[in-house]
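Bear in mind that the values in this text are calculations on the coordinates, not laboratory data. A quick note: this is a predicted structure, and the numbers were derived from the prediction, not measured. Methodologically, a virtual Cβ is constructed for each residue, glycine included, from the backbone with ideal geometry; neighbour enumeration extends over all protein chains shown.
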């Protein structure tokens, strides 16, 4: 499959009723609104190459605490807007009150959260996802959020392969932040592969190339051990 | 001006050998800066311009935020070494004016409503100048904005026309600009045939103006194709 690259203002189609995200309609014609590739499966969409992450309700994101302002933690989620996490989101047994919020989550701490609400003033409310504790030694890498679907792959095929072959824990958040946990070597391979996928996201036959890359990599390591 | 003894047109050709409707050679490179969200290097003859786009990002100062849309900021800046005699660094009357008209040339195509309360920064640095830097800046900024993934309805293309030795010619260089009778930079949205910026320095008759406008609009179409090719090729290499 060959991807068609478009720039803002490019004519895509006459089917105005199928116009989707990343497009606009003028005089019954569909034009691109962003620099990216066309996806014409059902709706006509333009998938942008890059762009700032815009949170939507239900997204699971990795955030970093940047400020504590009672009764909220202010969280950077890699978008143009700051998000906030209310004090009451901490587990009830923690007894969070004014002055000791940093004891539970301090500035620069990472956390996994779900976007539960966005109002018209672009205030973003988060809910902690307790099952995903980012504790211990790990690594955070960041890719453009537009490449996340490519990392996941169709029905999760790509991420499944990465997890199987890299043997390390990989958590991909909607905002393009990825949490890795494993040995140094495993994390090196995983981050290299993920950055490769992000760089070549617009090309076809990527899954095969990634599989090939991973196989040759693990062979190299095995040889290294034998020697 | 004849009294200076500079003859700008000889045997139907200009000093640099161009015809009346010929552009200077153009070179466009997309994504030249790693730290910026989008960038573009643009050459128009001896003009060398770099544009960087940041954002949309949180707007500071807060009171300048617009609750309904993003705020576009555009800074045109000439490097001290960009001209023959050292330019005193920093904003001056001229660059403030150019920043304003360039911003207004780009604003109609940007969908600012997508990002309320944010700002989009466009920095245009003139590394080398040879007349027509504001048009080169607008061309570069427009490509850099697309590269940054900013939602836009179209690209903006820009070029200047002028009058030298009584003839209407396209894309003046520094010698022609300094010794000519008029200079008129325009910016346009090619697909819609809409002019988003037009200035004129000097005098032209109504007929000359109309002829010049037609010349410039045709040249914008050629520039648009070059901008488009540069963007498409960036992701077609592999």
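Computed quantities for the displayed model
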{"item": "Peptides A:45-52, B:189-196 ordered by average Cβ neighbours within 10 Å, highest first", "result": "A:45-52, B:189-196"}
{"item": "The stretch A:60-128: relative contact order in percent, alpha carbon pairs under 8 Å with at least 6 residues between", "result": "37"}
{"item": "Per-residue Cβ neighbour rank within 10 angstrom, fewest leading, A:121, B:33", "result": "A:121, B:33"}
{"item": "Number of partner chain Cβ atoms within 10 Å, mean per residue of A:116-127", "result": "1"}
{"item": "Relative contact order (%) - chain B, alpha-carbon pairs under 8 angstrom, separation at least six", "result": "21"}
{"item": "Fluctuation leader among A:113, A:211, A:137 - chain A, Gaussian network, Cα springs under 10 angstrom", "result": "A:137"}
{"item": "Antiparallel DSSP beta bridges within the stretch A:60-128, as percent of all bridges there, nearest 5", "result": "85"}
{"item": "Neighbour-count order for B:220, B:40, fewest beta carbons within 10 angstrom listed first", "result": "B:220, B:40"}
{"item": "Burial ordering of A:169, B:42, fewest other beta-carbon atoms within 10 Å first", "result": "A:169, B:42"}
{"item": "Rounded to 5, percent antiparallel among DSSP beta bridges of the stretch A:5-48", "result": "90"}
{"item": "Per-residue mean of C-beta atoms belonging to partner chains within 10 Å, peptide B:142-155", "result": "6"}
{"item": "Within chain A, helix-based [θ] at 222 nm, where runs of 4 or more DSSP H residues each add -39,500 (n - 2.57), nearest 500", "result": "-7500 deg cm²/dmol"}
{"item": "Calculated FRET value between residue B:16 and residue A:67, using beta carbons and R₀ = 56 Å, to 0.05", "result": "0.45"}
{"item": "Peptide A:164-172, shielding by other chains (average Cβ, 10 Å cutoff)", "result": "0"}
{"item": "For chain B, built as a Gaussian network whose Cα springs stay under 10 Å, the top-fluctuating residue of B:76, B:54, B:114", "result": "B:114"}
